[in-house]
Structures are given as structure tokens and as C-alpha cells.
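What follows is one structure encoded as C-alpha cells, with my remarks underneath.
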Amino acid sequence: MKKIIIMGIPHHGNIGDNAIAVAEEELIKKFFPQYKVYIMQEKYLDVCVNKVKKVIKDEDIILLHGGGNIGDTYERPEKGRREVIKTFPNNKIIIFPQTAYFSDTEKGKEELKKSKEIYNNHKNLVILAREEKSYEFMKEEFYNCKIYLTPDIVMTLNKSTNQNREGALLLFRTDKEKTLENQDIEKIKKIVEDKFKKYIMSDMNLGSGIVNIGGKKREEVLENKFKQFQTSQIVITDRLHGMIFAAITETPCIVFGNFNHKISESYKWLKNLEYIKFCSDINKIEDIIEKVTKSENKKYDNKFAEEAIAKILKKEI
């Protein structure tokens, strides 16, 4: 039986990354039932990829986990991806929808140089970019690869329900991607306190102490988080998958940008949804709250994303 090996699946507690993993596996099983699907976690890539080399044949398809980690911000995923690409020069390798961002520093330039050399030396590497800036960057830098533009794969999910909603859900970054100042967050809290009966401060990350998540645990974590969105009147966030979870659960949402382009650019896929609004000026947040909560059009159709990604995979696999 033909094999598809999905490599780089997260073991950590980032909920968005785990939603990506679920969406990837569901899409492959739906559209490629003739293949046997195998999973390899991210933590094993750079240390164990050579150990599985003997059981992966040249005709097997390797799919690399998507997300926002082509670049120098998160070193381990990029190093693991390079190792896979070097180790399997004869296999078709497809990278699920990704953001590419290399910082304008000496480190960023050096890491880009390493990635360019490895990516461009592979004879059959396909990369899906999940927004236009990454697409244009990849076309220029990874010139020997096939590059396609698609939505983030979590947009292929639909988690809409008819549950009762109450209060606001606030999801803000605390890591290196954060751009909102603490005083901005406090201002948002005060506005929300005036407009809603309650609010919940949450996150899209279970914490750095989480070292292994998968299977039923992953499903449980995601369902709990989806329910949190499904029962909220509004979401205010600076998390990409905070915005995407709001879209697929039909939850009104105000989203702020992060330190790079991934949120502002990914918003373009969702800007037709009246209940999702990108905010670049915190002073306008009260007006935007009124608009998104009063929006009558709160229907999400995941087919645009599913069809876009499936079409490319069918062409390349």
C-alpha cells in the first residue's frame, strides 16, 4: 500500500499548531484514502529522521507540518525541516501551508542562506504559502521549488454550533511575537467590562511545561477550546488561530497584528466575514465591537479552503 508520512506534528501545547495537525490528517484521509498515513512528531525530526530512512521508499510521499515557522524565529522546526529535505532527496516532499519570516539580522540572513541552499537543491519540493507576502518571498528565495498560495489549513474546519453565548473571550500573546502593550490590554479589559457581563482571559497555548500531546488528548484540548469560542459573544485577540477559531466557530472577533505579517495577511482570506475585523488602532475598538456583534451574517463555509488545498494536493501527489 502506498504511504504518506506526515512529519513535524507538534508534541507541545500550542493549540493552533495542534489544530493544524488535526486538519492536515483529516484532509489527507478524506481525499487520499488509498494511502496508508503515518505520523512523526516534531521532536523526533532532527534526531531520528535517519532511523526511519530505511523504511521510507522513494515513491512514498512526505508531507511536512504547516504553521508559521519557516524562518529564524523558531529554530528547531526549521532545522528539522532542513534535515528531512536533505535526507530524502528522491521523495516528493510537500510542505503544508506556512508563513515564511526571516528577520533582518545577521542571524536571520545566515539562516535564510542555509534554508535556500537546502530547499533549492531538492528536485521535488512543493511549498504551500498561507498568505501573499510569504508566497512572494518564497517565489523569490526558493526559486527551484513549486510554490502555491492557499489559506491556513485550519480554515478547512467548520466548528459552528447553536450554543448560548455569554461574555467576551480575550486571548493575548505573552511571548516574543507580542506587540500589544500592557496598557493597551488593560484598556481593552475596561471597555469589555463596561459592555459585557463577564470576560475570560485565556490563551492559545497550554504552557511550556506541556511536553507531549496527541491522540485523544489533542482532541480533548481542541474540543474544550472550540467550546470556549462557541459560547462567547465576542473574541478579542492577537493570535492568528484566535482569529481563525473565531471564524470557524462563527464567533464575532476583533484581531490585532503580531510582530510580523502573518495575521494581517491571513486576515485577507476572512475579510469577507462581517463578524471578523482586523484592528490597527486600539482607539477604534469600541466602534468595531458594535459592528461585529451586530453583524447579521455569521455563516462560515470552509469549502473555499478545503477545495483550494485539496486541488493542489491532488495535482502534486
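The values are calculated or read from the model by the stated rules, or taken from the named source; none is laboratory data. Note that the coordinates shown come from a computational prediction; the quantities given were computed from them, not determined experimentally. A quick note on method: Cβ atoms are made from the backbone with ideal geometry, for glycine too, and the neighbour counts reach across all protein chains shown. Keep in mind that these areas ignore ligands, DNA and RNA; they rest on the heavy atoms of the full protein, side chains included. Shrake-Rupley method; radii C 1.70, N 1.55, O 1.52, S 1.80 Å.
So what J values fall out for the stretch 164-172 if you push phi through Karplus, 6.51 cos²θ - 1.76 cosθ + 1.60 with θ = phi - 60°, rounded to Hz, Gly and Pro as x?
Karplus-based 3J(HN,Hα) across the stretch 164-172 equals 5, 10, 8, x, 10, 10, 10, 10, 10 Hz.
Eigenvalues of the Cα gyration tensor times 5, then square-rooted: what semi-axes does that give for the chain, in whole angstrom, largest first? Don't jump to the answer; show the numbers that get you there.
Values: eigenvalues 235, 87, 63 Å².
They are 34, 21, 18 Å, listed from largest to smallest.
Relative contact order, percent, of the chain when contacts are C-alpha pairs under 8 Å separated by at least 6 residues? Working shown, then result.
On the way: 595 pairs, mean separation 54.8, N = 317.
So the answer I get is 17 percent.
If a/c stays under 1.5 just call it rounded; otherwise compare a/b with b/c (prolate if a/b is bigger, oblate if not). Do that for the stretch 1-73, with a ≥ b ≥ c from the square roots of the Cα gyration tensor eigenvalues. Before the final figure, lay out each step's value.
On the way: a/c = 2.19, a/b = 1.21, b/c = 1.81.
Oblate shape, in that a/c is at least 1.5 and b/c is the bigger or equal ratio.
Give me the number: length gained by fully extending Glu59 to Lys176, i.e. 0.36 nm times residue separation minus the C-alpha to C-alpha distance, one decimal in nm.
Result for the pair: 38.1 nm of gain on full extension.
Can you tell me the length gained on complete extension of the stretch Thr293 to Tyr38, counting 0.36 nm per residue apart and subtracting the Cα distance?
Once the chain is fully extended between Thr293 and Tyr38, it gains 87.6 nm.
Under Stokes-Einstein, with the Kirkwood radius over Cα pairs standing in for Rh, what whole-number D in µm²/s applies to the stretch 141-202 at 10 °C and 1.306 mPa s? Please report the intermediate quantities before stating the final value.
Working: Rh = 15.7 Å.
D = 101 µm²/s.
Which stretch or stretches of the stretch 186-207 have amide N atoms under 17 Å from the point lying 7 Å from Glu286's Cα along the Cα→Cβ direction?
Flagged as within label range: 186-197.
In the chain, what percent of the accessible surface is made up of carbon and sulfur (1.4 Å probe, ligands and nucleic acids excluded)?
Details: 6700 of 14760 Å².
Of all accessible area on the chain, carbon and sulfur atoms account for 45 percent.
Taking a virtual spin label 7 Å from the Cα of Arg165 along the C-beta vector, which residues in the stretch 233-264 bring their backbone nitrogen under 18 Å of it?
Residues passing the 18 Å test: 233-239, 241-256.
Quick one: angle between helix 15-31 and the longest Cα principal axis of the chain, in degrees between 0 and 90, rounded to 10, please.
On a 0 to 90 degree scale, this one is about 60.
What percent do you get for the relative contact order of the stretch 1-115 when only Cα pairs under 8 Å and 6+ apart count? Don't skip to the end; give the middle numbers.
Values: 177 pairs, mean separation 34.6, N = 115.
Rounded, it is 30 percent for the stretch 1-115.
How large is the helix-only mean residue ellipticity at 222 nm for the chain, computed as the sum of -39500 (n - 2.57) over DSSP H runs with n ≥ 4, divided by its residue count, in deg cm²/dmol to the nearest 500? Can you show the working numbers first?
On the way: 11 runs with 128 residues, N = 317.
It comes out at -12500 deg cm²/dmol, rounded to the nearest 500.
Quick one: angle between helix 132-141 and the longest Cα principal axis of the chain, in degrees between 0 and 90, rounded to 10, please.
20
With a point put 7 Å past each Cα toward its Cβ, work out how far Lys113 is from Lys268 in nm, to one decimal.
3.1
Order Leu206, Leu313 by their accessible area, 1.4 angstrom probe, all chains in place, largest first.
Result of the area sort, largest leading: Leu206, Leu313.
Using each residue's phi in the stretch 250-265, evaluate 6.51 cos²θ - 1.76 cosθ + 1.60 at θ = phi - 60° and report the 3J(HN,Hα) Karplus result to the nearest Hz, with x for Gly and Pro.
Whole-Hz 3J(HN,Hα) from phi for the stretch 250-265: 6, 9, x, 8, 10, 10, 9, x, 10, 6, 10, 8, 5, 7, 4, 6.
Note down the accessible area of Phe142, probe 1.4 Å, to the nearest 10 Å².
My reading of the accessible area for Phe142 is about 0 Å².
Nearest 0.05, what FRET efficiency do Asp194 and Asn224 give at R0 = 41 Å with Cβ-Cβ as r?
The pair Asp194/Asn224 has a calculated efficiency of 0.90.
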